[in-house]
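The structure under discussion appears below in the form of structure tokens.
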């Protein structure tokens, strides 16, 4: 990595670019957790947050933070065709 930066210092120069920001939370969690044991809830959250993180990384996004059951992430904007493809792929999760 250092070698790449030494050869291409423009890689770390500040530049203005559009980004997409994602904030995703599990909407049904308040109702669902009433029926879950603490262990089941922890297992569910681990699964949910792991899957959401995989989606972010698969799309070359940057994970910012977890807030309870929410995931905050951002990434560089894509072309319109890439955005449509991304929306179709994520429609399966809604």
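The values are calculated or read from the model by the stated rules, or taken from the named source; none is laboratory data. If you're wondering where the values come from, they're calculated on a predicted model, not measured in any experiment. Neighbour counts run over all protein chains shown; Cβ positions are idealised from the backbone, glycine included.
Only one of the numbered conditions (1) in contact with a strand residue (DSSP E or B) (Cβ under 9 Å, 6 or more places away or on another chain); (2) over 24 Å from residue 88 (Cα atoms) is not met by residue 38, and that is (1). Exactly one residue out of 3, 78 is modelled with pLDDT under 90 and surrounded by fewer than 13 Cβ atoms within 10 Å (Cβ to Cβ), and it is 3.
Selection of the stretch 20-46 for residues being assigned to a helix (DSSP H, G or I), modelled with pLDDT of 80 or more and loosely packed, with under 14 Cβ neighbours inside 10 Å yields 35, 38, 39, 40, 42, 43, 46.
The set of residues in the stretch 47-62 being more than 13 Å from residue 26 (Cβ to Cβ) and either at pLDDT below 85 or crowded, with 16+ Cβ neighbours inside 10 Å (or both) consists of 55, 56, 59, 60, 61.
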